Each structure stands twice: as C-alpha cells, then as structure tokens.
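The structure appears below as structure tokens.
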Amino acid sequence: MAPKPYDAILLASFGGPEGQEDVIPFLRNVTRGRGIPDERLEEVATHYRANGGISPINAQNRALKASLEAELADRGIDVPVYWGNRNWDPYIPETLQGMYDAGHRRVLMFSTSAYSSYSSCRQYREDLGVALRETGLEGKLEVDKVRQYFDHPGFVDPFAEGVTAGLADVRAQLAAAGTPDAPVRIVFVTHSIPTSDAEAAGPRDLAASLDTDVYSAQHLAVGRAILAQVPEAAGLEHSLVFQSRSGAPHVPWLEPDINDALAEYHAQGTGGVVVVPIGFVSDHMEVLWDLDTEAKDTCAELGLAFNRVPTPGTHAKFVRGIVDLVSERLARPDGAALLQGRASEVELGPWFDVCRPNCCAKVMRDGTVKPTIAAVDSEVGVPS
C-alpha cells in the first residue's frame, strides 16, 4: 500500500486475565461460539490459576506500548499509541471508539502475531471489521494493518542473540554433568494450528510452490535465518516442533508436539536442547506453561540439559523494528514513506501489506470456508 498520514497506532493483541475471577470469563471469550462447557474450560484454567489467575501478556503489552512510545518520541514521530485486545480488557471495539472520540481518523495497526494463518492474521482483520461495524465507525475510521513481520530483522535478531547464549548455557550444563561432548539440538517451536488452517495459510500461488504449508515454511525460514547468525550452531541438528494443541482430538493439528519430540531426541542420543520459541512475541502464559513448565519438566525427567531462549518482548531491536514497520507505511508531508525500503532477513519476505484473495481462510468443521465480512475490505484489507 502507498504510505498514508496515519494519525494513530493501534497495538492489537490477544489479551489475558488479570485475576482469578477473570479466568473463566476470559476463556469463554476465547472459545465463544464453540459451546465448550465451563467444566472443560476449568481444565485449561489451571495454567492461569497456578499463576494467580494472571496472564503475563497484559503487563508485557503495557511495557511494549511504553517502549514504542519512547522510540517514537526519540525519532520525533508524533503519533500516539493505543492498545486493544481481542479477548480481554481493553477490548478492540472500545479502543477504536476512544480513538475516534479523540479525533483520530486514520489508524495503523500492529498486532503481536508475526506469521500468516487465520488466527494470527486474518482473524485480527475480521475482528477489526466487526468492531468497526458494532461501534458504528464503519466508513468513519480507517484502519490498516502492518504487514506480517516474521522476516524482519527486529524480530529475527533477538532470537539469534538468545540462541548464542542458550548454546553456551547448555554446553556449560553438559560440562558440569561430565558429558561435554554430548550432542546438542536446536529446537524451534511455535503454536500448533489445525492442518486445515495451515493448508489455507498464505497466498495460494505461493503455497503451490512450497514443499510444505506457508505457516510452517515461514517458521522454517526464520529458523534458517537465525542459525545463519550463530556460528556456534554450525553442524548442529535442528528441527521445528509445535505446542499448545487444543480442540477436538479427531481434528488433525500440526505435529510433532514438543514433548513427544524431546523424548525422541533423547532416544537418539541428544544430550541437551536449546528451545527457541520463534512463534511468539512475548513470554506469555503458553510460553511459561508449555515450555518453562511442561517441556522443562520433560527434559528433567529425560536427563536433557535445557535452555529456553527469550522471546523478543521489549528487546531494543524488536522495538526499533516495530517503529521501522510503522515508518514503512507512514507518509511524510511530501507523500513519501517516512522510511524507504522494506527490511527482511528471510527468503519469504518481505510480506504483503494487504492479504491476497482467499489468504488464510478459515475452514470450518463441515469443510466449508468461513465467509468474509465483505463490507470491511477497504478498511482493513480482509480478502473476499
């Protein structure tokens, strides 16, 4: 898209509970329309209950918002940052209304999901469209979305730093255990999604040219870009695994699960693993529970040395990268983009500003495709 004089930035995220009484209402929001009873939701709630009913994601987004505001100020970019969530307060509809009431009319959204899939891209666009319609702001408030940024140096580089430090830590653990020469594996991990969603991810013409689905291909490409920056990882085995599977058992999701994979690596003689959560922007509940609790416990039971690399969070390079992404789209008074060029460190990037037709469509249980809210195409780039 051509650059525009946006007058506000929307930081959009998933949201999370901030107390024990919030947990079940939050999970109802996440699973709305699926008819899941509270008894089943309570099984998932244990992850939050163990942390006082609080998801770290909201505090992390507050910190990210503050960091973005500071970086924008340092560059002399006078555009305010607002924050809205899909599933918890502050909700996106209320945030959009507040932006409009404050006089904003042209908004650029950055979401805390870096990859292409229904849940990590298209659903954000659809939720924006619903919010504009529900608030009566359709046609009054324009909202565009920053491109998917899995390939951006601001996202990739912090992981490379973490892998370097993680390898040193795992090798120190192995040396302390008297097995300094034990093989180490780099384990890239992301959120599993239904295979039907993975097969629908990304443009159809690109998907047809790949050996795997677009969602997996993006992650594999990020893994290669990270390893290219870490000489210490040369010659080490690496793999992509998945976590946080949910939904009906008979519905296929991307595999292998990280815990199954760890057992297999141990059986093959691996002595330690560096776990790299490339699917995530921050250390939210799924990282803290699925990796720092379950995967770490699995490694302890197997006798594998374990290190989990930090997510980008508020890393200075990540924050600068977000502002770079905004600057690609923000017009100067003469109409040119504030930042010329589109940085990318991955062969599949840079990604598109506006999704292609049928990109990341949601395949329903009966095999039909979820219809698009056609009326919001122009506002948020939802393909029809």
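The values are calculated or read from the model by the stated rules, or taken from the named source; none is laboratory data. Source: prediction; values computed, not measured. Reconstructed Cβ throughout: ideal geometry from the backbone, glycine too, with neighbour counts over all protein chains shown.
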Check your understanding: Since Glu237 meets every condition but one in (1) at pLDDT below 95; (2) surrounded by fewer than 21 Cβ atoms within 10 Å (Cβ to Cβ), which condition does it not meet?
Key -> (1)
Review point. Consider Val130 against the criteria (1) touching a His at 6+ places or on another chain (Cβ under 9 Å); (2) part of a helix (DSSP H, G or I); (3) among the β-branched types (Val, Ile, Thr): it satisfies all of them except one. Which criterion is unmet?
Key: (1)
Point to revise | Lone unmet requirement of (1) in a loop (DSSP other than H, G, I, E, B); (2) of a type in the set (D, E, K, R); (3) in contact with a helix residue (DSSP H, G or I) (Cβ under 9 Å, 6 or more places away or on another chain); (4) modelled with pLDDT under 95 for Asp366 | key: (3)
Review point. Checking Tyr48 against (1) outside any helix (DSSP H, G or I); (2) buried (at least 19 other Cβ atoms within 10 Å of the Cβ), which single condition isn't satisfied?
Key: (1)
Practice item. Collect the residues in the stretch 35-48 that are more than 17 Å from Ser244 (Cβ to Cβ) and either in the same structural domain as Ala248 (by TED's automatic domain parsing) or under 25 Å from the mean Cα position of the chain (by Cα) (or both), keeping them in residue-number order. Key: Glu42
Review point. Out of curiosity, is Asp89 part of a loop (DSSP other than H, G, I, E, B) and more than 24 Å from the chain's Cα centre (by Cα)?
Key: no
Revision key, fill the gap. By residue number, the members of the stretch 335-360 that are charged (D, E, K, R) and modelled with pLDDT of 95 or more are Arg342, Glu345
Exercise for review: Report yes if some residue within the stretch 166-189 is assigned to a strand (DSSP E or B), touching a residue at least 12 places away in the same chain (Cβ under 8 Å) and among the aromatic types (Phe, Trp, Tyr); otherwise report no.
Suggested key: yes
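A quick yes/no check of all residues on (1) basic (Lys, Arg); (2) surrounded by fewer than 16 Cβ atoms within 10 Å (Cβ to Cβ); (3) at pLDDT 95 or above:
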residue	(1), (2), (3)
Val79	no, no, yes
Trp83	no, no, yes
Asp89	no, yes, yes
Glu94	no, yes, yes
Gly103	no, yes, yes
Ala114	no, no, yes
Gly129	no, no, no
Leu141	no, no, yes
Asp144	no, no, yes
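A quick yes/no check of all residues on (1) in the same structural domain as Asn58 (by TED's automatic domain parsing); (2) under 24 Å from Arg125 (Cα atoms); (3) small (Gly, Ala, Ser):
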{"residue": "Gly272", "(1), (2), (3)": "no, no, yes"}
{"residue": "Glu294", "(1), (2), (3)": "no, no, no"}
{"residue": "Phe318", "(1), (2), (3)": "yes, yes, no"}
{"residue": "Gly341", "(1), (2), (3)": "yes, no, yes"}
{"residue": "Trp351", "(1), (2), (3)": "yes, yes, no"}
Study note, to complete from the structure: Within the stretch 287-319, the count of residues that are in a helix (DSSP H, G or I) and either touching a strand residue (DSSP E or B) at 6+ places or on another chain (Cβ under 7 Å) or over 21 Å from Leu220 (Cα atoms) (or both) comes to 18
Exercise for review: Within the stretch 15-45, track down each residue that is out of contact with any Phe, Trp or Tyr (no Cβ under 8 Å at 6 or more places or on another chain), surrounded by 12 or more Cβ atoms within 10 Å (Cβ to Cβ) and assigned to a loop (DSSP other than H, G, I, E, B).
Suggested key: Thr31, Ile36
**Study point:** Positions within the stretch 51-65 being aliphatic (A, V, I, L, M) and either assigned by TED's automatic domain parsing to the domain that holds Met285 or in contact (Cβ under 8 Å) with a residue 24 or more places away in the chain (or both), in sequence order
**Key:** Ile54, Ile57, Ala63, Leu64
